[in-house]
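Presented below is the structure to which this report refers.
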Amino acid sequence: MTLMDDVQGRDSRGVSRIPPPTDADPSNRQLRLGAKAWLQESGRVLLVKERRLDGSTFWTLPGGGIRSDESIREALQRELMEELRISSSVGSILTSCLYEHESLGNIVSKYFVINCEFDGKPNPNPKEGIMEYCWAWSEDVPQSTLDPFQRLIEKRNFLLTEDTETVR
């Protein structure tokens with residue numbers, strides 16, 4: 001079993017160890033794994049403005065869910081290409097966080113925040129729900145930034161000095 005299998009909640013055969021939610025227990029949360037990119041330029045971090053199905057918007061780090069047939073690296077590179085039409089180089093895992101989705105019912109995402117580099121200029125893809133992007137200093141993060149990512153950005157100096165683990 002690899003580290004990624006263990007992180008993704010899979011046994012040595014690649015079978016998920018995360019039980020699905022049951023209708024009998026509505027408090028049961030379903031875990032979704034995701035990857036978010038930590039992209040920096042001149043001390044600022046890249047954020048994207050996403051549109052929910054109900055039309056409301058929020059700011060977050062670029063990235064998204066990990067498909068069952070993908071590694072973290074593959075998922076993040078795919079997400080960056082889909083959302084911002086940029087090629088990327090995936091580095092080390094900086095940290096992880098949990099996010100309870102307001103719009104997705106009982107789903108909780110565990111996001112791995114990964115240091116990345118990219119080629120080209122971000123080009124938001126509205127077909128993927130990405131409306132715009134910005135480069136933000138920790139003190140000027142947009143108010144509608146999702147809470148776990150707002151906290152991470154505010155503590156970016158801490159993140160950059162943490163021990164990191166290379167993504168495989």
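The values are calculated or read from the model by the stated rules, or taken from the named source; none is laboratory data. Quick caveat, the model's predicted, so the values are computed rather than measured. Don't worry about glycine lacking a Cβ; one is built from the backbone with ideal geometry, like all the others, and counts go over all protein chains shown.
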**Asked** Among the residues of region 102-116, how many are modelled with pLDDT of 95 or more and closer than 17 Å to Glu83 by Cβ?
**Response** 5
**Request:** Looking only at region 62-70, decide whether some residue is part of a helix (DSSP H, G or I) and surrounded by fewer than 16 Cβ atoms within 10 Å (Cβ to Cβ).
**Result:** no
**Message:** Against the condition modelled with pLDDT of 90 or more and in a strand (DSSP E or B), how does Lys121 come out, does it pass?
**Reply:** no
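Results for (1) exposed (fewer than 15 other Cβ atoms within 10 Å of the Cβ); (2) at pLDDT below 85, shown as yes or no for each residue.
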site: Ser12; (1), (2): yes, yes
site: Glu41; (1), (2): yes, no
site: Val48; (1), (2): no, no
site: Gly55; (1), (2): yes, no
site: Arg78; (1), (2): no, no
site: Leu84; (1), (2): no, no
**Complete:** The one condition Ser92 fails out of (1) small (Gly, Ala, Ser); (2) outside any strand (DSSP E or B); (3) farther than 22 Å from Gln30 by Cα is (2)
**Request:** Please work out if Asn115 is out of contact with any Phe, Trp or Tyr (no Cβ under 8 Å at 6 or more places or on another chain) and in contact (Cβ under 8 Å) with a residue 12 or more places away in the chain.
**Result:** no
